[in-house]
Amino acid sequence: MPKIHYVAHDGTDRAVDVPEGETVMRGAILNSVPGIDADCGGECACATCHVYVDAAWKDKVGAPNEQETSMLSFVDSVQDTSRLSCQITVTGALDGLVVHLPESQH
Amino acid sequence: MNEHAPIDHAKLAESMPLEDINVSDPKLYQQDVWMHYFDRLRREAPVHYCKDSPIGPFWSISKYKDIVSVEVNHKAFSSSSTFGGITLRDRTGDLELPMFIAMDQPKHDEQRKIVQPIVSPANLAKFEGLIRSRIQNTLDSLPRGEAFDWVDKVSIELTGQMLATLFDFPFEQRRKLTYWSDVATTDLNNPDRLINSEEEREQVFGECLGAFMQLWNQRVNAKELGGDLISMLVSGEATRNMNPREYLGNVILLIVGGNDTTRNSMTGSVWFFNQNPDQYAKLRANPALLESAVPEIIRYQTPLAYMRRTALADTEVGGKMIKKGDKLAMWYISGNRDGDAIENPDQFIIDRERPRQHLSFGFGIHRCVGNRLGELQLKILWEEILKRDMKIEVLAPPKRVYSSFVHGYQEMMVKIAP
Ligand code: HEM
Ligand code: FES
């Protein structure tokens, strides 16, 4: 099972196994990793599952689609590595992925 | 037959022809009987067409997941005031009030981005101390052992103070903000309405605009801009050249957005804890539960019962074809009671596992910008009530507002133990 690293704002790294086909957001919720709220449950409609994809993984993870880009444009402290984690599907190619969590979800 | 016998709405809602159900009737909310009609709609007609009503024909979306799907599809479902905006009653032509809640992309996005920073977590942290001290003063000045109206003395007072703070509006004139907000949302068919015609409404809007133009000009001429909302609008690329009507629209949006909603959550919270003493005992024993109690209060109240959209193209929702030009209401108040999305939805439970999974703030690109601010005010209010261990007795069921849009309270008489 692919391992995903969730690095909290204070630097704490939580690595959990997430089944392929699940999203990075669900991986956090299923394993009670704090820092991802996911109020809309993965519909790309709340932007409270915001993460920064580690620079080394940016290309592998890919770019957001149009709806996600709209939602991201309202996120506080957005960067060009920002993604909504409910829109990132876990695959074998993402084994070892590192995402950084923002200070708070808004 | 006794004409004065109270109507049994639970029965009526089940027995009347489906097509005659009109959930936009403000009386259903004033009498607090709306839930029976939505129970039936969610079960039998989750996407329901009301072909005849005082505000014209409209669709009702009542299931949680259908509401989210309409919210996300902002390309097909417009919020624009050009088509009538976000309430079922159309306000077009001269009465059109442009504000970004009632705009589509790209203009919506540009204007929203200007306002967003003021309610960012970092900026809210700066406001927190001020909000708290104002709430403390208000609570400490309440009468003890004597009946008073919680709506007026606490909910309206605190939200008025908060708005004055956000706008850096003259503090002693803060009740004007409340008045403008109430005029903006008053239903002209309401027997207790504040104004009698759209002309009168326009006149009051004129006063509001006059006062805000003055503040605008003060900011323009000031050497240094503050962190308040008007300063942000004055300096924002997308807002500094707004025409007066647009400025008015955005001011009204922020006043209404931050006023009714928070006010009615504050009143609702006292009522809910009064009706659910076990939940209050739980909170009193463990004040940390406020983290989840606050979003639960907002779900349970659902301060805005719905938002309206207009279809820009024929689009299917839940198996029904919504035709181009049709208007639809996403009934948050019903989706928040949808047992397929929320467990025991009719119960007020302050320690839900995922309390923020509710529709009260909407979803998608129009999702409430002020959500964390609304939550913050409620949280501080209850922290301070708990600290004082105030015993608030509700003397009679609250009087509710005549509106299918603003879901709230006119008056709630309470007494605080001496
Ligand atoms: C409990 C409190 C509140 C509730 C329940 C609430 C509810 C809502 C809802 C339902 C929407 C529309 C969402 C949609 O169409 O999808 C909205 C939008 C909005 N709210 Fe709130 N609100 C609250 C507090 C506030 C506060 C305190 C402010 C003031 C800063 C505010 C300002 C706004 C604005 C400006 C919008 C328009 C956003 C947009 O169109 O992009 N709200 N709110
Ligand atoms: S969970 Fe709501 S946008 Fe990702």
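The values are calculated or read from the model by the stated rules, or taken from the named source; none is laboratory data. Computed from a predicted structure; not experimentally measured. Using ideal geometry, Cβ is built from the backbone for each residue, glycine included, and neighbour counts are taken over all protein chains shown. These area figures cover heavy atoms from the full protein model, side chains too; ligands, DNA and RNA do not enter into them. Shrake-Rupley method; radii C 1.70, N 1.55, O 1.52, S 1.80 Å.
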Exercise. Can you find a residue in the range B:90-100 that is within 16 Å of ligand 2 (Cβ to nearest atom), within 30 Å of B:Arg337 (Cα to Cα) and open to solvent by 30 Å² or more (accessible area, probe 1.4 Å)?
Worked result: no
Exercise. Just one of the numbered conditions (1) within 22 Å of the chain's Cα centre (by Cα); (2) away from chain A (no Cβ under 14 Å) is not true of B:Glu146; which one?
Worked result: (1)
Exercise. Restricting the range A:1-37 to residues that are aliphatic (A, V, I, L, M) and assigned to a loop (DSSP other than H, G, I, E, B), which is nearest to ligand 2 (Cβ to nearest atom)?
Worked result: A:Ile36
Problem set entry | Which listed residue, of B:Ala285, B:Ala222, is more than 19 Å from B:Leu166 (Cβ to Cβ) and open to solvent by 20 Å² or more (accessible area, probe 1.4 Å) | B:Ala285
Problem set entry | Residue selected from the range A:63-74 under the condition under 19 Å from A:Ile36 (Cβ atoms) and more than 10 Å from ligand 2 (Cβ to nearest atom), by the criterion most open to solvent (accessible area, probe 1.4 Å) | A:Pro64
Exercise. Are there any pairs, at least 6 apart or on different chains, whose C-beta atoms fall under 7 Å, with the first in the range B:187-212 and open to solvent by less than 70 Å² (accessible area, probe 1.4 Å) and the second part of a loop (DSSP other than H, G, I, E, B) and among the β-branched types (Val, Ile, Thr), and if so, which?
Worked result: B:Ile195/B:Thr186; B:Arg201/B:Ile195; B:Val204/B:Ile195
Seminar exercise, completed: Per the list (1) open to solvent by 20 Å² or more (accessible area, probe 1.4 Å); (2) assigned to a helix (DSSP H, G or I); (3) touching a residue at least 60 places away in the same chain (Cβ under 8 Å), residue check on B:Gln105 breaks on (2)
Exercise. Can you name the residue in the range B:364-387 that is at the interface with another protein chain (Cβ under 10 Å from one of its Cβ atoms) and of a type in the set (Val, Ile, Thr) and is also nearest to ligand 2 (Cβ to nearest atom) among such residues?
Worked result: B:Ile365
Exercise. Among the residues of the range B:122-130, is there at least one that is in contact with a Ser or Thr (Cβ under 7 Å, 6 or more places away or on another chain) and either open to solvent by 40 Å² or more (accessible area, probe 1.4 Å) or at pLDDT 85 or above (or both)?
Worked result: yes
Exercise. Does the range A:49-59 contain any residue that is over 26 Å from B:Tyr64 (Cβ atoms), at pLDDT 95 or above and surrounded by 21 or more Cβ atoms within 10 Å (Cβ to Cβ)?
Worked result: yes
Problem set entry | Pairs with Cβ under 8 Å, 6+ apart, first in the range B:344-361 and away from chain A (no Cβ under 14 Å) and closer than 19 Å to A:Ile29 by Cβ, second of a type in the set (A, V, I, L, M) and buried (at least 21 other Cβ atoms within 10 Å of the Cβ) | B:Asp351/B:Ala293
Problem set entry | Per-region count, the range A:4-40, residues under 13 Å from the mean Cα position of the chain (by Cα), within 14 Å of chain B (Cβ to nearest Cβ) and either crowded, with 16+ Cβ neighbours inside 10 Å or touching a residue at least 40 places away in the same chain (Cβ under 8 Å) (or both) | 8
Problem set entry | Which listed residue is closer than 20 Å to B:Pro295 by Cβ and of a type in the set (Lys, Arg), from B:Lys379, B:Lys387, B:Lys399 | B:Lys379
Exercise. Pick from B:Ile21, B:Ile55, B:Ile114, B:Ile67: which is of a type in the set (Val, Ile, Thr), more than 19 Å from the chain's Cα centre (by Cα), within 14 Å of chain A (Cβ to nearest Cβ) and surrounded by 16 or more Cβ atoms within 10 Å (Cβ to Cβ)?
Worked result: B:Ile114
Exercise. If you scan the range A:38-69, which residues turn out to be within 16 Å of ligand 1 (Cβ to nearest atom) and part of a loop (DSSP other than H, G, I, E, B)?
Worked result: A:Asp39, A:Cys40, A:Gly41, A:Glu43, A:Cys44, A:Ala45, A:Cys46, A:Ala47, A:Thr48
For this session: For the range B:136-157, enumerate the residues that are under 25 Å from B:Leu124 (Cα atoms) and crowded, with 21+ Cβ neighbours inside 10 Å.
Result: B:Val151, B:Val154, B:Ser155, B:Ile156, B:Glu157
Exercise. Does the range B:29-50 contain any residue that is assigned to a loop (DSSP other than H, G, I, E, B), more than 25 Å from B:Leu188 (Cα to Cα) and over 22 Å from the mean Cα position of the chain (by Cα)?
Worked result: yes
For this session: Hey, can you tell me all the residues within the range A:75-94 that are farther than 18 Å from B:Gln116 by Cα, part of a loop (DSSP other than H, G, I, E, B) and either within 14 Å of chain B (Cβ to nearest Cβ) or open to solvent by 50 Å² or more (accessible area, probe 1.4 Å) (or both)?
Result: A:Asp80, A:Thr91
Seminar exercise, completed: B:Ala164: passes all of (1) open to solvent by less than 20 Å² (accessible area, probe 1.4 Å); (2) in contact (Cβ under 8 Å) with a residue 24 or more places away in the chain but (2)
For this session: Would you mind telling me which numbered condition in (1) over 18 Å from the mean Cα position of the chain (by Cα); (2) more than 16 Å from ligand 2 (Cβ to nearest atom) B:Glu353 fails?
Result: (2)
Problem set entry | Members of the range A:70-106 that are away from ligand 1 (no atom under 16 Å from the Cβ), of a type in the set (S, T, N, Q) and within 19 Å of B:Gly370 (Cα to Cα) | A:Ser77, A:Ser104, A:Gln105
